[in-house]
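S.K.: Quick one: this structure, given as structure tokens, is what I'll be asking you about.
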Amino acid sequence: LHELLARRRGHVAIGRQQLPIGPIVVRVLPPGEAEMMPTRIRSDVGVDEKEAAIVVVDARRVAAKHPNDPAVLAALAEAEFDSNHDDAAIAAADRALALDPKQVNALIQKGYALSRKIGVDRLPDTAWKNVRSHWVKANKVENDNPIPLVQYYRTYLEQDIEPTRTSIEGLEWAMALAPFDPSIRWQAAQQMIRNERLADAAEALAPLLALASAQEV
């Protein structure tokens, strides 16, 4: 009866045995990372130009007190990027990666800054090769993170050339890793349409259409 009612409401009941939960690990944040956390949260939530100028000042203050904490430096890189300081973002990310080569947020922020510098600094198209290599490196560090996969794909769109099969497969894997992210789902569906995979596109778009319908009710 419970399962029948769930299906009528558009949901499916999943038993505990079908959803194994791995070990949950909790750690105490180092002093620098703990002090940077409010600033990092503000960055992650999203900032406009005015807010970014305030956040980066706080990030620099904390980073000056904890110059050897890679998580702190990665958060500084994010704040610098949000403030349109690409070179400073790359420098902070490089400092973080020198301390911890697997600091994923530092890799991501550096990738964002490298990509934007191509347009801002009017770099040649050959610069995209370096950016793609960077996103491949980030993917190898954390291969279940959808951001490097999406950004690798987007380098082809930003360069205005046809995405490779590998990049498209990466985008679709990113959608599988983050099925809740509408922007990834939309990008994947658009690429499917361009490749005339209309049935696949319809399947990818179905959750977005269901969400839109639910919001109208």
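The values are calculated or read from the model by the stated rules, or taken from the named source; none is laboratory data. The model shown is predicted, which means the values in this text are computed figures rather than measured ones. Neighbour counts run over all protein chains shown; Cβ positions are idealised from the backbone, glycine included. The protein model used for the area step is the full one, side chains on, heavy atoms only, and it has no ligands, DNA or RNA in it. Shrake-Rupley method; radii C 1.70, N 1.55, O 1.52, S 1.80 Å.
S.K.: Given a Förster radius of 45 Å and the C-beta distance between Lys140 and Ala34 as r, what FRET efficiency does 1/(1 + (r/R0)^6) yield to the nearest 0.05?
M.R.: According to the calculation, E is roughly 0.95.
S.K.: If I fit a long axis through the Cα atoms of helix 86-99 and take the longest principal axis of the Cα atoms of the chain, what angle between them do I get, 0 to 90°, rounded to 10?
M.R.: 90
S.K.: Which whole-angstrom value gives the distance between the alpha carbon centres of region 166-215 and region 99-146?
M.R.: So the two Cα centres are separated by 24 Å.
S.K.: Number of Lys pairs in region 1-139 with C-alpha atoms less than 29 angstrom apart, excluding same-chain neighbours closer than eight positions?
M.R.: 15
S.K.: Can you figure out the FRET efficiency of Asp125 with Val25, using R₀ = 30 Å and their beta-carbon distance, to the nearest 0.05?
M.R.: Values: r = 43 Å, r/R0 = 1.45.
According to the calculation, E is roughly 0.10.
S.K.: Determine ³J(HN,Hα), in whole Hz, for all residues of region 29-41 in sequence, where each value follows from phi through the Karplus function 6.51 cos²θ - 1.76 cosθ + 1.60 and θ = phi - 60°; x replaces Gly and Pro.
M.R.: 5, x, x, x, 5, 5, 5, 7, 4, x, 5, 5, 4
S.K.: Here is a follow-up. If I fit a long axis through the Cα atoms of helix 49-65 and take the longest principal axis of the Cα atoms of the chain, what angle between them do I get, 0 to 90°, rounded to 10?
M.R.: So the inclination is approximately 60 degrees.
S.K.: Also, quick follow-up: Compute the orientation-averaged projected area for the chain from the convex hull of its Cα atoms and round it to one decimal in nm².
M.R.: Reported value for the Cα convex hull: 15.8 nm².
S.K.: Name the residues whose placed amide hydrogens come within less than 5 Å of the amide hydrogen of His85, ignoring near sequence neighbours (fewer than 5 apart) on the same chain.
M.R.: Those lying under 5 Å, H to H, from His85: there are none.
S.K.: May I ask for the angle, rounded to the nearest 10°, between helix 146-159 and the longest principal axis of the chain, with both axes built from Cα atoms and the value confined to 0 to 90°?
M.R.: Its long axis makes an angle of about 80 degrees.
S.K.: Using helices alone, I'd like the mean residue ellipticity at 222 nm for the chain: each DSSP H run of four-plus residues gives -39500 (n - 2.57), total over residue count, nearest 500.
M.R.: Dividing the helical sum by the residues of the chain leaves -23500 deg cm²/dmol.
S.K.: Hey, another quick one. Using a 1.4 angstrom probe on the protein heavy atoms only, could you order Phe81, Phe180 from most to least accessible area? All intermediate terms of the calculation are to be shown ahead of the outcome.
M.R.: Working: Phe81 35, Phe180 160 Å².
I get Phe180, Phe81, largest accessible area first.
S.K.: With every protein chain kept in place and ligands, DNA and RNA left out, what is the accessible area per residue of the chain? Probe 1.4 Å, answer in Å².
M.R.: Values: 13520 Å² over 217 residues.
On a per-residue basis, 62 Å².
S.K.: In the chain, what percent of the accessible surface is made up of carbon and sulfur (1.4 Å probe, ligands and nucleic acids excluded)?
M.R.: 57
S.K.: Here is a further query. More than 20 Å apart: what percent of Cα pairs in region 109-192 qualify?
M.R.: Numbers: 1039 of 3486 pairs.
Summing the P(r) tail past 20 Å for region 109-192 gives 30 percent.
S.K.: Report the local net charge at Leu177: Lys and Arg +1, Asp and Glu -1, summed over other residues whose C-beta lies under 14 Å from its C-beta.
M.R.: -4
S.K.: For a protection proxy built on the mean count of beta-carbon atoms within 10 angstrom, sort 156-162, 36-42 highest first, please. Working shown, then result.
M.R.: Numbers: 156-162: 13.0, 36-42: 18.6.
Going by the mean number of other Cβ atoms within 10 Å, highest first, we get 36-42, 156-162.
S.K.: Still on this structure, I have one more. Between Arg165 and Gln17, what is the label-point separation in nm under the 7 Å Cα-to-beta-carbon projection?
M.R.: 4.1
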